[in-house]
Every structure is written in C-alpha cells, then in structure tokens.
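Undergrad: One structure, as structure tokens, below. Some questions next.
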Amino acid sequence: MCGIVGAVAQRDVAEILVEGLRRLEYRGYDSAGLAVVDAEHQLNRLRRLGKVQILADALDAQPVLGGTGIAHTRWATHGEPSEENAHPHMSGENIAVVHNGIIENHEPLREILTQRGYVFTSQTDTEVIAHLVHWELEQGGSLLDAFQRTVAQLHGAYGTVVMDRRDPERLIAARSGSPLVIGLGIGENFLASDQLALLNVTRRFLFLEEGDIAEITRRAVDIFDVEGNAVERTIHESTAEHDAADKGKYRHYMQKETFEQPSAIINTLEGRIDANSVLVESLGHGAKEILQKAEHIQIIACGTSYNAGMVARYWFESIAGVSCDVEIASEFRYRNFVTRPNSVLITLSQSGETADTLAALRLAKERGFMAAMTVCNVAGSSLVRESDIAIMTRAGTEIGVASTKAFTTQLTALLMMVTALGKEKGTVSAEKEAEIVKSLHRLPAQIEQALTFDKQIEALAEDFADKHHALFLGRGEFYPIAMEASLKLKEISYIHAEAYAAGELKHGPLALIDADMPVIVIAPNNELLEKLKSNIEEVRARGGQLYVFADESAGFQESDGMTIIPMPHVDEVCAPIFYTVPMQLLSYHVALIKGTDVDQPRNLAKAVTVE
C-alpha cells in the first residue's frame, strides 16, 4: 500500500519524483523519501517522517540534483512510521531500494545477511532486498543479473526498484503481486505504482505483468518474464485527466468526489444502455455467452466493494433469479470452498490491485469457475488483465481514502450486469428491462438532487459533535447501504459505528440504545416500510435518538427524539444508490466537526495491495 516513483532522465528529476509522490499519497502517507544520483555519481538520500509535503519542504531547503532517482511514500507494515524506516533503504553507499508489499521470508534472509556481516539500520522487510542485491553484485555480473538472483530468493508480494550509484543511468524493477507501470518519454523514462503519478510527464505506458523484471534506461526499456525471457508489453495511451489530482473549488478530495457522482454515473452508463435496454455486448466480448450459461454468481470483494456486492446479491436473486453468494476475499481465499456448476466469479475493486481479491481470483480460476468477471475503476490493473470480462466503472481518479464515487458506480455497473443476466436467462422481460433502464437514465439527475441536501445534513451533523458511537439500520438491500454508511463514518470521523438489519434489533443491539447513541435509519417507501416502522418504535420506546432518512411519501412525522430528513421518492431499483449519497454527506460533515483528516484517515490507505 505504498507508492513508488522512479525516473531516468537528462534533467533533474527530484521535483518530478515529489510530484509523483503527491499523486500517490492515497496509497500511504506515514513517511516519504527519495534518492538521486548526481553528476558526480554520488547517491543523495532525503527522508522524512510524515506526509509528502514535509519531504517537499525539506527538498526546498536542501536541493537534491541528478537525473536518475527513486522515491517512495510509505504505509507502515514492518516497523513503526519513522525516518529510519522510511524508504529508500540502502546497502552501503551504493545500492538504494524502494519497495511496496511484504517480503514474507525477510526474517530468515535477515539472519543470513547478518551472518554475512551486514548491519541493519531499520525494522523493515525492505532492507533485506538492498543487502541481497549488494551481496549478489559482489558475486559477479551486472545489476540486472544480481537483481534477478535476488528476486529468486524473495517470497511474498512486492513491487520493487533498485538503483546503483556506480551505474547511474539505470533502474531495475520487479513486479510480483504489487503493481508497477513504466512511463515512456523522449530520451527519458519513468516508473510508478500507478500511472496517475506520471501523467504530468507522459501519456504512454507499459504495464508490467506478474513476475516481470524491467531494466530501464533513458533510451530503452527491456522487460523479462518470470523465466528470464525477453518479452514485449503493449504500449497504452492514457486518456486520464492530468488535473484529476486537483481539488479545485472543494475543500477535500472526498467532497469533490462525492459531488462528481452524477457525471461519474453518466460515464458508467455511456454506451451500455439505449432508451429501453442494456446493450449486453457492451459489457465485453463473450459476456453474452457467459451470462447465458451462468447458474450461480460468486462475488468476492473487500471493504466498500464488499458492501456493493451485498447490495448486488439482492438484485441478482430478486431481479435475475440467479443464486448469488458474497464473501470477503480474505476469508474466501483461505476457506475450503465448493465450486458450483457453471458458477461465475465476480470480483469488485476500485483499484484492481486489492491483494486479497486478486489472490482469490487466481485461486478461483484454479478451482474451476466457469468464468471470471470484474467490476473495476482502473484500466490495466491486475484484476482487469486477469479476468475474462472487465466492466470498467469509468469513475475517474478517486484519491480520498473513503470511497464515494467508486462505490456508486460499482452499484450502477452491477445493476446493468444483473439486468443483462436476467435478459439472457429469460427472467427479465422486455418491459422490466425497460423499466430498469429508464430508472438508470434518471439516476444522475436524482443523485444531483440528493446532493442538494448538503447544507441540511451539515447542520444535522452538529448533533454528532460529542458522540462516540452510532448505529445504522436498514432492511433488505438497504441493510448493506447501512453497512456502507457505518463504514464511512468510522473511517473518517473515528466514531465507532455499527450497522444492523433492523429486524435484528431485538436480538441484541437494543441493549445499546440510550440517549447518547444516535440511530440513523434508511427508510425508503417499499414493501418493508411497515416492518421498519415497528423497528423504529422499538428504538423510540427505549429513549434512542433517531435520525430517519425517509421517503417523503412514507408517512413519518417528526417528534421528540426523532428527526426526519425527507427524501424525494425515487424508483425502487435505484433507491440504494440514491440513499448512499446522504450517508456520504453525513459522514463527511461529522468528520469536519470532529477535526479529523478526511482524505487521509489514520492507519488507512487507499489501495490495499498487501495481505
């Protein structure tokens, strides 16, 4: 969950490296550092505890010059956040390394290297790479040879880059379970964990495949596969907006990305629906045949994406009539599961690099799933490349750690997929399909309407200033929306929050209810409304403080202990997506009141690329 940037150029690269780190800070922000080889072949390293801006300030005070360099922003795994544990790590005065991932056998390697006389100055697993490369170079061969021999000794998931001051116009990089992308320039080349880091210097990219090792100079990029064979990788031209990392008029990325949801959903829908139907072919080559044969859906995801999958389970079964299971990826991959006949695996991930989800995909392919589909936001990511069908959400860059538009666009894509599945299975009539598609057409405008509640919810958030716990309730497909609302609140405000299916109240959670426990209820006007009203009365009878986001036609009346936030009526099928937005606004404004770091909450990172 760390960010890597590297460059080989004739110009000074330190500012390019730091700007790349700024764009990757969503991946980690405990510490940051860079190392650059200057014109005299001296290796100059600068590291700082804290966010990238602290490193940038240090660079202003202590300029580092040179055309070859590597940089890193860290999310701590091995060793506490500190300057000593910050990357790059070095072996002697010659070798510098940056690394994203986990070296699982770092302890035995550390013992071996200690016996060879190496002295460790950090608590990290990364430092073993630097010393191993140094040792292997002493045994003979080029930096590439030494690095290949080093990588063969590493167990785990990693993206790593090494530099030798004695060979100052060369970087060597390896990818095993952690993404790396190479940016191609004119007389200069770059690499990073994410193409976002390099959009200010190039639009042409190569994505390293699993097991690849790359040798990068100013004029050439040579790539070798896991067998050591020279290989070619396709050049991709990026169309991403170079200014996607700017907040513009917004105070935080999360706020910006929340308000981008109408346009993001329009992008998700574009070219995939017409006036009355889902264009099945637009989901990907072969999607029609896969959906026709599908008898079961298995969704695998983590975090927010898991909550999206939980909503989709209701849709797959109630709309398409196909059984669906949803499982957390970190549990699925370690469980002795049974593969059902003609089962389709669907992975959900904003980044496409979520380590547990990617591992679950690879395991499922070994275990005989009929096909693998992914719903993802990052073209060229591992999940996209390794799945049979990839449905891109086209949400645009999402930098805030707490996901907003990635979640609602995932739901939008999943609803189209469900409709397409029902269409191919004959369980969704043309009339029903047209009804769903018309609802999807109306959805962006309805999300715009939901965003108009921002000021009202900002005022409501004042009630949470002194709260330490909260309970979210929903029924049916709104239970996972309550789960997502609970996750958002705890992520960015640090308020302990739980979500329950409202019918479960009497099975334990009622014991928590008192005047200090706000209870937030999602109350659309559907067939479960009367049941939900009974659950609300259970809370009122015990002195709970209720905040009910209710359909304006649901018949709620505000009273002591119960605040009603009337919501416009929206089509039932898209209502879960609509009701997500006021929950995002609530968590955002509560976090502002609490004074937390909204975009970079403590202990979290955007892309979870380690187990």
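Undergrad: When you check PRO179 against the structure, is it modelled with pLDDT under 95 and surrounded by fewer than 24 Cβ atoms within 10 Å (Cβ to Cβ), yes or no?
TA: On the way: modelled with pLDDT under 95: yes; surrounded by fewer than 24 Cβ atoms within 10 Å (Cβ to Cβ): no.
It is false that PRO179 is modelled with pLDDT under 95 and surrounded by fewer than 24 Cβ atoms within 10 Å (Cβ to Cβ).
Undergrad: Kindly provide the set of residues from region 386-402 that are farther than 15 Å from PRO601 by Cβ and either among the acidic types (Asp, Glu) or free of Cβ contacts under 8 Å to residues at least 60 places away in the same chain (or both), ordered by number. I'd like the intermediate steps shown before the answer.
TA: Narrowing region 386-402 to residues farther than 15 Å from PRO601 by Cβ: 386-397.
Matches in region 386-402: GLU386, SER387, ASP388, MET392.
Undergrad: Tally time: how many residues in region 114-151 are assigned to a helix (DSSP H, G or I) and under 21 Å from ILE70 (Cβ atoms)? Can you show your working first?
TA: Quick first cut of region 114-151, residues assigned to a helix (DSSP H, G or I) only: 114-115, 127-138, 143-151.
From what's left, under 21 Å from ILE70 (Cβ atoms): 127-137, 143-151.
The qualifying residues number 20.
Undergrad: Moving to a separate point now. Across region 190-205, what is the total count of residues that are assigned to a strand (DSSP E or B), surrounded by 24 or more Cβ atoms within 10 Å (Cβ to Cβ) and not hydrophobic (A, V, I, L, M, F, W, C)?
TA: So the answer is 0.
Undergrad: Right, here's the next one. May I ask you to say which residue of ILE522, ILE564 is buried (at least 21 other Cβ atoms within 10 Å of the Cβ) and either of a type in the set (Asp, Glu) or assigned to a strand (DSSP E or B) (or both)? Steps first, please.
TA: Working: ILE564 fails: buried (at least 21 other Cβ atoms within 10 Å of the Cβ).
Exactly one of ILE522, ILE564 is buried (at least 21 other Cβ atoms within 10 Å of the Cβ) and either of a type in the set (Asp, Glu) or assigned to a strand (DSSP E or B) (or both), namely ILE522.
Undergrad: Another one. State which residue is surrounded by the most Cβ atoms within 10 Å (Cβ to Cβ) when the search covers only region 70-81 and only residues that are over 15 Å from VAL5 (Cβ atoms) and of a type in the set (Gly, Ala, Ser).
TA: ALA76
Undergrad: Within region 114-135, which residues are charged (D, E, K, R) and touching a residue at least 24 places away in the same chain (Cβ under 8 Å)?
TA: Hits for region 114-135 are ASP125, GLU127.
Undergrad: Next question. Looking at GLY92, is it free of Cβ contacts under 8 Å to residues at least 24 places away in the same chain, surrounded by fewer than 24 Cβ atoms within 10 Å (Cβ to Cβ) and under 23 Å from THR68 (Cβ atoms)? So that I can check it myself, show each step before the final result.
TA: On the way: free of Cβ contacts under 8 Å to residues at least 24 places away in the same chain: no; surrounded by fewer than 24 Cβ atoms within 10 Å (Cβ to Cβ): yes; under 23 Å from THR68 (Cβ atoms): yes.
Spelling it out, it is not the case that GLY92 is free of Cβ contacts under 8 Å to residues at least 24 places away in the same chain, surrounded by fewer than 24 Cβ atoms within 10 Å (Cβ to Cβ) and under 23 Å from THR68 (Cβ atoms).
Undergrad: I need a count of the residues in region 364-379 that are assigned to a loop (DSSP other than H, G, I, E, B), among the small types (Gly, Ala, Ser) and over 14 Å from the mean Cα position of the chain (by Cα). Before you say what the answer is, go through the steps one by one.
TA: Let us first name the residues in region 364-379 that are assigned to a loop (DSSP other than H, G, I, E, B), namely 367-370, 377-379.
Adding the requirement that they be among the small types (Gly, Ala, Ser) leaves 368, 379.
From what is left, the residues that are over 14 Å from the mean Cα position of the chain (by Cα) are 368.
Qualifying residue count, region 364-379: 1.
Undergrad: Right, another one. Look through region 381-395, keep the residues that are outside any strand (DSSP E or B) and in contact with a Gly (Cβ under 8 Å, 6 or more places away or on another chain), and return whichever of them is nearest to GLU270 (Cα to Cα).
TA: Going through region 381-395, the residues outside any strand (DSSP E or B) turn out to be 381-388, 393-395.
Among the residues that remain, those that are also in contact with a Gly (Cβ under 8 Å, 6 or more places away or on another chain) are: 381-384, 388.
Details: SER381: 21, SER382: 24, LEU383: 22, VAL384: 19, ASP388: 21 Å.
Selected residue: VAL384.
Undergrad: Next question, about the same structure. Is there any pair linking a residue in region 552-576 that is farther than 23 Å from LEU411 by Cβ to one that is of a type in the set (Val, Ile, Thr), with Cβ under 6 Å and at least six apart or on different chains, and which?
TA: Going by the 6 Å Cβ cut-off, the qualifying pairs are PHE556/VAL548; PHE556/ILE564; GLU558/ILE564; ILE564/VAL548.
Undergrad: Within region 522-529, is even one residue touching a residue at least 40 places away in the same chain (Cβ under 8 Å), farther than 23 Å from ALA575 by Cα and among the aliphatic types (A, V, I, L, M)?
TA: no
Undergrad: If we keep just the residues of region 540-561 that are of a type outside the set (Ser, Thr, Tyr) and under 16 Å from PHE478 (Cβ atoms), which is surrounded by the fewest Cβ atoms within 10 Å (Cβ to Cβ)?
TA: Narrowing region 540-561 to residues of a type outside the set (Ser, Thr, Tyr): 540-546, 548-552, 554-558, 560-561.
Then keep just the ones that are under 16 Å from PHE478 (Cβ atoms); that gives 546, 548-551, 554, 556.
Working: LEU546: 22, VAL548: 23, PHE549: 27, ALA550: 22, ASP551: 21, ALA554: 19, PHE556: 21.
Here the answer is ALA554.
Undergrad: Suppose we filter GLU111, GLU84, GLU104, GLU138 for residues that are touching a residue at least 40 places away in the same chain (Cβ under 8 Å), surrounded by fewer than 20 Cβ atoms within 10 Å (Cβ to Cβ) and not polar (S, T, N, Q); which single one remains?
TA: Values: GLU111 fails: touching a residue at least 40 places away in the same chain (Cβ under 8 Å); GLU84 fails: touching a residue at least 40 places away in the same chain (Cβ under 8 Å); GLU138 fails: touching a residue at least 40 places away in the same chain (Cβ under 8 Å).
Just a single option satisfies the conditions, and that option is GLU104.
Undergrad: Considering only region 592-608, state which residues are surrounded by 21 or more Cβ atoms within 10 Å (Cβ to Cβ) and either under 26 Å from PRO444 (Cα atoms) or free of Cβ contacts under 8 Å to residues at least 60 places away in the same chain (or both).
TA: Hits for region 592-608 are VAL598, ASP599, LYS606.
Undergrad: Out of the residues in region 44-63 that are at pLDDT 95 or above and surrounded by 21 or more Cβ atoms within 10 Å (Cβ to Cβ), state the one that is farthest from ILE95 (Cα to Cα).
TA: Within region 44-63, the match that is farthest from ILE95 (Cα to Cα) is LEU55.
Undergrad: Can we say LYS438 is in a helix (DSSP H, G or I) and free of Cβ contacts under 8 Å to residues at least 24 places away in the same chain? Spell out how you get there, then give the answer.
TA: Working: in a helix (DSSP H, G or I): yes; free of Cβ contacts under 8 Å to residues at least 24 places away in the same chain: no.
It is false that LYS438 is in a helix (DSSP H, G or I) and free of Cβ contacts under 8 Å to residues at least 24 places away in the same chain.
Undergrad: Need pairs with beta-carbon distance below 9 Å; first residue under 13 Å from ILE577 (Cβ atoms) and within region 447-461, second surrounded by fewer than 14 Cβ atoms within 10 Å (Cβ to Cβ); sequence gap 6+ or separate chains.
TA: Taking only residues 6 or more apart or on different chains, the pairs are GLN449/PRO568; ALA450/PRO568.
Undergrad: Please tell me if GLU504 is in a helix (DSSP H, G or I) and more than 19 Å from VAL581 (Cα to Cα). Let's see the steps before the verdict.
TA: Values: in a helix (DSSP H, G or I): yes; more than 19 Å from VAL581 (Cα to Cα): yes.
Yes: the conditions hold for GLU504.
Undergrad: Let me ask another. Just need a number here: residues in region 189-212 that are over 17 Å from THR397 (Cβ atoms), of a type outside the set (A, V, I, L, M, F, W, C) and out of contact with any Lys or Arg (no Cβ under 8 Å at 6 or more places or on another chain).
TA: 1
Undergrad: For residues in region 474-501 being assigned to a helix (DSSP H, G or I) and free of Cβ contacts under 8 Å to residues at least 40 places away in the same chain, which is surrounded by the most Cβ atoms within 10 Å (Cβ to Cβ)?
TA: First, pick out the residues of region 474-501 that are assigned to a helix (DSSP H, G or I): 478-493.
Then drop every residue that is not free of Cβ contacts under 8 Å to residues at least 40 places away in the same chain, which leaves 486, 490.
Values: SER486: 25, LYS490: 17.
Checking each candidate, the answer is SER486.
The values are calculated or read from the model by the stated rules, or taken from the named source; none is laboratory data. The structure presented is a predicted model; accordingly, all values stated were derived computationally and were not measured. Because the Cβ atoms are built from the backbone with ideal geometry, glycine has one as well, and the counts that use them run over all protein chains shown.
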